[in-house]
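Peer 1: Here you go, one structure.
The values are calculated or read from the model by the stated rules, or taken from the named source; none is laboratory data. Owing to the predicted nature of the structure, the values given are computational and were not obtained by experimental measurement. Neighbour counts are summed over all protein chains in view; Cβ atoms, including those assigned to glycine, are modelled from backbone coordinates with ideal geometry.
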């Protein structure tokens, strides 16, 4: 088959890795990278064996797909021309700056009949894909996503930068609607929320306690699922999974059995791109759709609005 022609729009912290991985895929032709920082664009283009452009408009109609890795506020502006031109588009998380803008993207892709994917890379983390089949009817979930102060993504608060990863995974894992939300957040080093906690209650009765911070000394990426007679733990950063189960043995005292689950380690972003290209070439939906991104954004927005209301 012919190679799939793809462009990467925005080659900052994350976009550069999209370009690197796509350039190494034999079924992909990385047509160009686009960045308003001409020096940066030229640097990444040289590393990836492609060309650099300052404007994306000339690529519309000339590529089969585009990766949008620009600042969140420009996602709609950058993605819509490609969608309307019939290209498949993967938009980095969060899908858009607001639910209304996300709806515009989802509607445009539906009307045009093209693929819209959302870049929730943790869904492709091998630890997550190994653990989710073991999660069944969780009753309580504890999540911590903590990191040091970044030099990027300061245009959005920690809810849309970090917590939204876990919101998306939780929605996929629990498979139930969220019926109530409690949240608290604090601005520490920026005018935006730098640390936040949300307590989510699902219709199934499950409760999730989710903490995200970008002002922590240690880097932690962990989730623990407590369910009847079993426990599943995910370490996103180390790509490790542990699972334990209470087992009744011959009518005697129950025993705990389990331990570490084998995980085939890989780069989540690479797996995300493999899925996206596979969706294009196989004419199928991506694993994480634009609608999935919209649902995660709506819940993250609810958390953000509750924190803002509490601060006034």
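Peer 1: Only residues that are assigned to a helix (DSSP H, G or I) and either at pLDDT below 95 or surrounded by fewer than 23 Cβ atoms within 10 Å (Cβ to Cβ) (or both): list them for the range 1-27, please.
Peer 2: Hits for the range 1-27 are 16, 17, 20, 21, 23.
Peer 1: Quick one: which strands (runs of 3 or more DSSP E) lie wholly within the range 33-114 and hold at least 2 residues that are under 14 Å from residue 22 (Cβ atoms)?
Peer 2: Fully inside the range 33-114 and qualifying: 65-68, 88-92.
Peer 1: As an exercise: evaluate residue 286 against (1) outside the structural domain of residue 171 (by TED's automatic domain parsing); (2) part of a helix (DSSP H, G or I); (3) touching a helix residue (DSSP H, G or I) at 6+ places or on another chain (Cβ under 6 Å) and give the number of the one condition it does not meet.
Peer 2: (2)
Peer 1: A further question follows. Inside the range 199-251, counting only strands (runs of 3 or more DSSP E) that do not spill past its ends, which hold 1 or more residues that are exposed (fewer than 14 other Cβ atoms within 10 Å of the Cβ) and in the same structural domain as residue 138 (by TED's automatic domain parsing)?
Peer 2: The strands (runs of 3 or more DSSP E) meeting that bar are 240-247.
Peer 1: Being out of contact with any strand residue (DSSP E or B) (no Cβ under 9 Å at 6 or more places or on another chain) and at positive phi is true for just one of 278, 250. Which residue is that?
Peer 2: Within the list 278, 250, the selection yields 250.
Peer 1: Here's a follow-up. Give me the pairs, please: first residue somewhere in the range 131-148 and assigned by TED's automatic domain parsing to the domain that holds residue 213 and under 16 Å from residue 176 (Cα atoms), second residue anywhere and in a loop (DSSP other than H, G, I, E, B) and modelled with pLDDT of 95 or more, beta-carbon distance under 8 Å, and either six or more positions apart or on two chains.
Peer 2: 137/204; 137/206; 138/206; 139/205; 139/206; 140/206; 141/206
Peer 1: When you check residue 41 against the structure, is it more than 19 Å from residue 269 (Cβ to Cβ), out of contact with any helix residue (DSSP H, G or I) (no Cβ under 6 Å at 6 or more places or on another chain), crowded, with 16+ Cβ neighbours inside 10 Å and assigned by TED's automatic domain parsing to the domain that holds residue 74, yes or no?
Peer 2: Judged against the criteria, residue 41 is a match.
Peer 1: Separate question: Please state which one of 193, 188 is at pLDDT below 95, assigned to a loop (DSSP other than H, G, I, E, B) and surrounded by 15 or more Cβ atoms within 10 Å (Cβ to Cβ).
Peer 2: 193
Peer 1: Return yes when residue 164 is within 28 Å of residue 264 (Cα to Cα), buried (at least 22 other Cβ atoms within 10 Å of the Cβ) and over 17 Å from the mean Cα position of the chain (by Cα) and no when it is not. Break it down into steps so the answer makes sense when it comes.
Peer 2: On the way: within 28 Å of residue 264 (Cα to Cα): yes; buried (at least 22 other Cβ atoms within 10 Å of the Cβ): yes; over 17 Å from the mean Cα position of the chain (by Cα): no.
It is false that residue 164 is within 28 Å of residue 264 (Cα to Cα), buried (at least 22 other Cβ atoms within 10 Å of the Cβ) and over 17 Å from the mean Cα position of the chain (by Cα).
Peer 1: If a residue must be buried (at least 21 other Cβ atoms within 10 Å of the Cβ) and over 18 Å from residue 35 (Cβ atoms), how many such residues does the range 74-95 contain?
Peer 2: Selection size over the range 74-95: 7.
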